[in-house]
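The values are calculated or read from the model by the stated rules, or taken from the named source; none is laboratory data. Quick caveat, the model's predicted, so the values are computed rather than measured. Cβ atoms come from the backbone with ideal geometry, glycine included; neighbour counts cover every protein chain shown.
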Amino acid sequence: MTDSTERWGKPVCVPGDEDRDQERGSGGCLAGSMADVGIYMDNAASSFPKPEAVIEAMADFLRNVGGSSGRGAYRKALEADKIVFRARQAVARLLGVADVSRVVFTANATESLNLAIKGLLSPGDHVVTTSMEHNAVWRPLKAVERRRGVTISQASCAHDGTLDPADIEALLRPNTRLIVMTHASNVTGTLMPVAEAAAIARARGIPLLVDCAQTAGVHPIDIERLGLDLVAFTGHKGLMGPTGTGGLYVRGGLDLVPLKDGGTGGDSMLEHQPEWLPDRFEAGTLNVCGIAGLGAGVRFVLEEGVERIREKEAGLLRRLLDGLSEIPGLEVYGPRDPARQVAVVSLNVRGVPAEEVASRLDREYGIMVRAGLHCAPCAHRTIGTIQRGAVRISLGYFNTEGDVDRCVEALAGIARAAG
Ligand SMILES: Cc1ncc(COP(=O)(O)O)c(C=O)c1O
């Protein structure tokens with residue numbers, strides 16, 4: 001099965017785009033005009049548009065700074081250090097972390113999850129996960145199963161993706177070394193009981209790794225209050241940053257084997273990777289340009305407020321779910337309740353392949369969504385769509401009620417035509 005994104009050509013421009021641009025009420029904070037792109041509803045893949053401040057921060061770095069962080073004492077290198085430190089500080093503040101050095105920058109959530117999983121698990125260990133995970137969790141787990149003899153237990157989630165935390169507890173064994181779970185599904189948006197899992201993990205002294213790829217920036221996360229041990233995040237979704245950015249929070253006292261070894265700028269005489277964070281896990285020149293954009297994205301989120309972002313997205317989601325519920329011939333997956341999910345909805349139109357629905361939404365209505373398995377076959381198996389996949393609509397902070405109404409009308413038209 002191919003994802004519809006692979007087949008997309010140039011996005012279409014739909015009449016009325018300019019009006020919607022105004023309706024977005026972004027106060028000029030957005031980079032570029034939405035008029036060129038139609039209606040973007042694939043924010044679970046990557047958020048778009050980005051705040052203007054993100055583009056400015058990256059352009060400013062490339063134009064005026066250009067230095068490598070941690071690699072010099074001259075002005076430009078120090079400026080690069082400051083950019084990285086400020087970004088780390090912003091992430092730490094957003095995610096509820098007091099010690100900013102515990103926030104490690106990576107290329108994306110996938111790298112963070114690989115670092116945590118491969119850095120922690122050894123031959124003979126057992127790991128517990130859920131049936132709603134993205135391949136960014138599932139494949140590293142399968143890799144350590146094959147290469148290190150780690151055993152995996154998967155807690156079965158319900159058809160709407162929800163998980164009973166007792167099912168995690170029931171799977172724990174004396175050799176369980178890690179619990180890993182997503183905070184919200186990238187297929188159904190379902191929010192997972194992370195606080196309950198953290199309490200179970202803490203009581204048993206087992207580290208809990210949470211994949212916050214779908215929640216960082218759009219749902220409140222308070223790492224230290226929840227007592228999370230490892231938290232993977234990506235920069236290019238809810239944090240509004242560019243692709244190629246992400247990170248991992250590592251609790252103090254928890255040691256991981258680094259994924260990569262190499263230069264860190266300081267302490268060059270050491271023959272081994274330094275023990276201290278973040279250097280231990282940040283070998284090689286950092287993506288300072290990307291981190292400049294990420295820092296600006298996170299500061300945008302902090303200024304707007306995660307609660308406000310969540311509230312706006314929940315309102316749009318409510319409108320979308322209400323509209324979808326009126327359309328005969330649709331199957332909508334997930335909790336269908338904004339209080340229990342992020343603004344991601346998967347669906348199928350009876351009698352029409354998911355790829356065709358996505359392609360028609362794009363070609364005929366200028367609405368960009370993604371069809372297929374969304375890199376999450378486990379989740380699709382759980383909700384019963386492993387054979388046909390689904391159409392995923394993922395809303396973002398810059399979508400409008402008008403966007404949602406047009407999407408509902410478009411789907412009603414496609415469903416009507418299918419009879
Ligand atoms: C739940 C979840 N985990 C992990 C990832 C991987 O994120 P990245 O592609 O930034 O590594 C994604 C991306 O779609 C995701 O949705």
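A few remarks follow.
- Answer residue from region 213-232, given it is more than 10 Å from the ligand (Cβ to nearest atom) and not aliphatic (A, V, I, L, M) and is surrounded by the most Cβ atoms within 10 Å (Cβ to Cβ) among those: Gly217
- Checking each residue in region 356-376 for being out of contact with any helix residue (DSSP H, G or I) (no Cβ under 7 Å at 6 or more places or on another chain) and within 13 Å of the ligand (Cβ to nearest atom) picks out only His374.
- Hey, Ile55 farther than 21 Å from Thr285 by Cβ, of a type outside the set (D, E, K, R), within 23 Å of the chain's Cα centre (by Cα) and more than 16 Å from the ligand (Cβ to nearest atom) or not: yes
- Hey, Gly396 crowded, with 24+ Cβ neighbours inside 10 Å and either within 28 Å of Thr110 (Cβ to Cβ) or touching a helix residue (DSSP H, G or I) at 6+ places or on another chain (Cβ under 8 Å) (or both) or not: yes
- Exclusive hit being more than 16 Å from Thr382 (Cβ to Cβ), surrounded by fewer than 21 Cβ atoms within 10 Å (Cβ to Cβ) and away from the ligand (no atom under 16 Å from the Cβ), set Ala170, Ala158: Ala170
- Among residues of region 376-419 being among the aliphatic types (A, V, I, L, M) and free of Cβ contacts under 8 Å to residues at least 40 places away in the same chain, the one that is farthest from Val298 (Cα to Cα) is Ala417.
- Val137 being under 21 Å from the mean Cα position of the chain (by Cα) and closer than 30 Å to Glu56 by Cβ: no
- Of all residues making up region 254-275, the number that are under 13 Å from Val104 (Cβ atoms) and modelled with pLDDT of 95 or more: 5
- Sole exception among (1) within 16 Å of the ligand (Cβ to nearest atom); (2) in contact with a Lys or Arg (Cβ under 7 Å, 6 or more places away or on another chain) for Gly402, by number: (1)
- Filter pass, Leu259 being farther than 16 Å from Val91 by Cα, within 16 Å of the ligand (Cβ to nearest atom), in contact (Cβ under 8 Å) with a residue 60 or more places away in the chain and not hydroxyl-bearing (Ser, Thr, Tyr): yes
- Pairs where the first residue, in region 102-120, is at negative phi and the second is in a helix (DSSP H, G or I) and within 8 Å of the ligand (Cβ to nearest atom), C-beta under 7 Å, 6+ apart: Thr106/Ser112; Ala109/Ala136; Thr110/Ala136; Leu113/Ala136; Leu113/Val137
- Looking across region 233-256, the residues that are within 16 Å of the ligand (Cβ to nearest atom) and surrounded by fewer than 24 Cβ atoms within 10 Å (Cβ to Cβ) come down to Pro242, Thr243, Gly244.
- Flag for Glu271 being away from the ligand (no atom under 16 Å from the Cβ), of a type in the set (Asp, Glu), in contact with a Gly (Cβ under 9 Å, 6 or more places away or on another chain) and not assigned by TED's automatic domain parsing to the domain that holds Ser394: no
- Beta carbons closer than 9 Å, at least 6 apart along the sequence or on distinct chains, pair a first residue in region 324-339 that is more than 18 Å from Val218 (Cα to Cα) with a second that is assigned to a loop (DSSP other than H, G, I, E, B) and at pLDDT below 95 for Gly329/Gly419.
- Some residue of region 92-107 being over 22 Å from the mean Cα position of the chain (by Cα) and not in a loop (DSSP other than H, G, I, E, B): no
- Selection from region 21-61 of residues that are modelled with pLDDT of 90 or more and in contact with a helix residue (DSSP H, G or I) (Cβ under 6 Å, 6 or more places away or on another chain): Ile39, Pro51, Ala53, Val54, Ala57, Met58, Phe61
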